[in-house]
Structure formats: structure tokens, C-alpha cells
Amino acid sequence: MNPATPPSIALTAATPRAGRRRLPLPAWTAWSALAAAGVLAGAALLPRVAHAQVGGNAPARIGVVGPFTGPSADFGVPMLNGIKLAVDEINAVGGYLGRPLELVIKDDRADPDQGRKVSQELLAEKVVATIGFCNTGVALKAIDLFQDAKSPLVVPCATGTAVTAKYPAPDSYIFRVQARDAIQAPFLVDDIVKRGWDKVAIFADKTGYGEGGYNDVVAALAAKNLKPVHVARFDLGVKDLTAELTAARNAGANVVYSYTVGPENATIANGKKALGWKVPQVGPWPLSFPFFLEGAKDAAEGALMVQTFIAEPSNERRASFLSSYTRKYQGKVAVPMAAANAYDATYLLMYSFLGIRDGNLNGKAIKESLEGKMKTYYGVVTTYDKPFSAQDKDAITRNMLVMGMVKNGAITFAYPEDAKRNLIIQRKQ
């Protein structure tokens, strides 16, 4: 894992990268010669707009908040890296109307109180918008600050359904570029029922993430006229779940649905192995994290999880993103979904800026642009054609999801047909 960026820094990046994307550009007037030439693979897809010195060359400051140290850094750092990669590309072709983007980065350490504190700091530093939050519990502790300040927040990782449901959609300044649990849970439940695994044991932690996920799984099972045969709730940091796993086995469970974000997923897998209990483990995207893959090793094999992005170069956009990330950070992406969704979130925020013709980046203008004034963005995860509206603050829909599977310690497609379907970019439904 790359060293985390210090908790509070301002970053202005302007490093070009190689590669091209042979995709049509939106027909705006010339934005920059570099973008027009397609020299930068990511920024080449930005709408072309004429340079204007609105506000001079003062940087457009964007807040970033996430867990860059501590127990959730395994996906916080890839999130940050995806944001920085996008900013590098954007600044290399002139930033926003000649103004560079500047990141103001705060480390929430996956702690709700710390997340609220650094969010207050970001807003005091007059950022125009913020990208952030990996942990649902941390996000829920702080989002009222952004809402009350009318300062847009774009969430690229936290999946808790409540994050974008807390405020009435027309009034909400909280947007998300990630699959919320309310669509992940039914997607996975449909899959396991098709496989004949209908006796579900739910293992969920006691955080806001675990609580919300547990409720979404129960609701998804109820839609199939099913109830969990066993439920285990546990604190973060638990090292032994043998008693709970034994109870689940005795209840006749034929699948374990885990809802937790850290090493507890590995505790479940290793506990099943120690008991000789060979039932599958399924869950949301944290089953693709290093804490699980490295902590459980062979006990993780065959686990299934919901994904928006699997690190296979199925088209030019994804191949370019993966090669650029690997080159810049000198290694593979630890959590590809976190990096890809954050990269796309950064570009969507930039596209919202470009929809503001007078250059006044106030919260209301950015919100309204996100809700309908942006041009189509051809992203890494998907093609974002009207990703948000006044009534809908979630960019990712169910048709964009695929099933991932642990195979030989890595994440690949669970079904060959998903790999084929992934060649076609899914648009929002």
C-alpha cells in the first residue's frame, strides 16, 4: 500500500499521462489544445470549453475526506489516489477555465468524531465542494454539516442507503457515485437464491454500515418470502466468532452473508475453515478488500461479492485508467472499485463546474449543474448520461452491477456472461 497523504494538505497536481481514448468528445467549443489532441487519456474526454479568466488564476479548492490512515486505509488510500489521478489529468489541460484544481485533504481515520471535526475544518477553509467518505457511520456523523452549509458533497465509496436518503432529494446537497446497499442487497440475494442458497445466516457488525446493511438484506430476503435462519451481530475488532458460526451451522444455514468492512470478514472465513464448515461466504464489496483477501487467504476462495468495477481491461477507458494508476502509484490497485468510482466522481464534479458558464462556483450553482446541466461523461465505471437529478442523488443503478468472485486470491467475474456484458458500458436506468 502506498503511504497515505498527510492528514491536512493542499495539493495542486499537473502531471500529464500517456495514452489515448478513441471516443467521441462532446461538441463544445475548444477547451484546450491538449485535450483536443487527446494527449491525456482521461482529460481528453472533458467537454471543450473556451478559456476564460473568471476569478483570475486562483485555484478552485476541492475538499477530500476519507480514512487515509487507520483500519479503513486499505480502501481510503485507493480512493484518494483515484481523485489525485483525475486532478493531475484535469490540471494538465488547464484546470477549470484556466484555474487549477487544488485538493485540501483531511484524514478521518474511519472515526465518526474525527470525520465531523475535519469536515468542519474543510468548510472553514472555503472549499467549493467535497469528495469523500468511505465509512457510512463516519459519513452519517458529518453530512449535516455539508447540507446546512449548502456545500455539495460527492460520496465515492460509502454505500449505506441512509447517506443519500437523509434529506429530501430536491433539497439535498449529498450526491453519490457508488452502489447503495439498497440495490446491492437485492442484487446479491437474487443471485444466491438462484444458486439454491436460501438458508441465510447474516453476520453484521454493529456500526452504522452494518446496521444499515443488515436491514437492507432482511428486506431483500423478505421480498423472496425468506427470513434469515440465524443473525450474529458483533463489535469491530472481534477476533473469534466460533460460537456464532457454530450456532449458524446448527440452524441449517447454507450461506453466510457478511456485512462488515474490515478484518472481521476474514475472521468469519477463517472461523468457517477451522470448523470445517464448507458453506459459501457472500457480501457487499468489502469482500474484495485486502483485509479479507490477505487475512483469509485460501479461506477466501470462492467468496462472492457485488462490484461496480473489476480490474480487467475490458475497454479502452478501463485499460487506460488501470495502466495510468499502476504507472503513477507503482503497483496494482488495492481496491479497484474505490479508485475507479473516486476517479469518476472527480470528473463528474469537474463536469458540473463546466456547466456553470459564469464561473461562479457557489454551492447552489454546483448542485443545479450536477442535477442536470452537465454534458455526458464517458467514465471508467460507466457512461454518465444525466447521472443525477433533483429527485435522484445516486449515479449508480442496478444494471451496472456485476458479481465478483475470489479466485486465486484475486477478484474476477463470477460469471462468464458478466465478463461479456462488461464489454458494453451500462447507462443509468
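The values are calculated or read from the model by the stated rules, or taken from the named source; none is laboratory data. Remember, it's a predicted structure, so these values are computed and weren't measured experimentally. Ideal geometry is used to build each Cβ from the backbone, glycine not excepted, and the neighbour counts take in all protein chains shown. These accessible areas exclude ligands, DNA and RNA; they are computed on the full protein's heavy atoms, side chains included. Shrake-Rupley method; radii C 1.70, N 1.55, O 1.52, S 1.80 Å.
Being surrounded by fewer than 20 Cβ atoms within 10 Å (Cβ to Cβ) and of a type in the set (Ser, Thr, Tyr): is that true of THR376 here?
yes
Against the condition open to solvent by less than 20 Å² (accessible area, probe 1.4 Å), in contact (Cβ under 8 Å) with a residue 60 or more places away in the chain, touching a Gly at 6+ places or on another chain (Cβ under 9 Å) and of a type in the set (Ser, Thr, Tyr), how does SER258 come out, does it pass?
Against the criterion (open to solvent by less than 20 Å² (accessible area, probe 1.4 Å), in contact (Cβ under 8 Å) with a residue 60 or more places away in the chain, touching a Gly at 6+ places or on another chain (Cβ under 9 Å) and of a type in the set (Ser, Thr, Tyr)), SER258 does not qualify.
Need pairs with beta-carbon distance below 7 Å; first residue in a helix (DSSP H, G or I) and within the range 73-88, second hydroxyl-bearing (Ser, Thr, Tyr) and open to solvent by 10 Å² or more (accessible area, probe 1.4 Å); sequence gap 6+ or separate chains.
Hits for this filter: LEU80/THR5; ASN81/TYR329; ASP88/THR15.
Within the range 333-387, take every residue that is part of a helix (DSSP H, G or I) and among the β-branched types (Val, Ile, Thr) and give me the one that is nearest to ALA410 (Cα to Cα).
It comes out as THR346.
For the range 264-291, how many residues are within 19 Å of the chain's Cα centre (by Cα) and open to solvent by 10 Å² or more (accessible area, probe 1.4 Å)?
2
In the range 388-408, how many are under 23 Å from ALA300 (Cα atoms), open to solvent by less than 40 Å² (accessible area, probe 1.4 Å) and assigned to a loop (DSSP other than H, G, I, E, B)?
Result for the range 388-408: 1.
Please indicate, with yes or no, whether at least one residue in the range 411-422 is polar (S, T, N, Q), surrounded by 22 or more Cβ atoms within 10 Å (Cβ to Cβ) and touching a Ser or Thr at 6+ places or on another chain (Cβ under 7 Å).
no
Name the pairs: first residue in the range 400-423 and without any contact (Cβ under 8 Å) to a residue 60 or more places away in the chain, second residue open to solvent by less than 20 Å² (accessible area, probe 1.4 Å) and assigned to a loop (DSSP other than H, G, I, E, B), Cβ to Cβ under 9 Å, at least 6 apart or on different chains?
Once the first residue is without any contact (Cβ under 8 Å) to a residue 60 or more places away in the chain and sits in the range 400-423, its partners that are open to solvent by less than 20 Å² (accessible area, probe 1.4 Å) and assigned to a loop (DSSP other than H, G, I, E, B) give ASP418/ILE310.
Please identify the pairs in which a residue from the range 319-331 that is over 12 Å from ALA86 (Cβ atoms) and without any contact (Cβ under 8 Å) to a residue 24 or more places away in the chain has its Cβ atom under 8 Å from the Cβ atom of a residue that is of a type in the set (A, V, I, L, M) and outside any helix (DSSP H, G or I), counting only partners at least 6 apart or on another chain.
These pairs meet every condition: LEU322/ALA311; LEU322/VAL333; THR326/VAL333.
Residues of the range 329-364 being of a type outside the set (A, V, I, L, M, F, W, C), at pLDDT below 95 and open to solvent by 30 Å² or more (accessible area, probe 1.4 Å), which ones?
Of everything in the range 329-364, those that are of a type outside the set (A, V, I, L, M, F, W, C), at pLDDT below 95 and open to solvent by 30 Å² or more (accessible area, probe 1.4 Å) turn out to be GLN330, LYS332, ARG357, ASP358, ASN360.
Tell me the residue from ALA169, ALA185, ALA251 that is open to solvent by 40 Å² or more (accessible area, probe 1.4 Å), touching a residue at least 24 places away in the same chain (Cβ under 8 Å), among the aliphatic types (A, V, I, L, M) and out of contact with any Cys (no Cβ under 9 Å at 6 or more places or on another chain), please.
The unique qualifying residue is ALA251.
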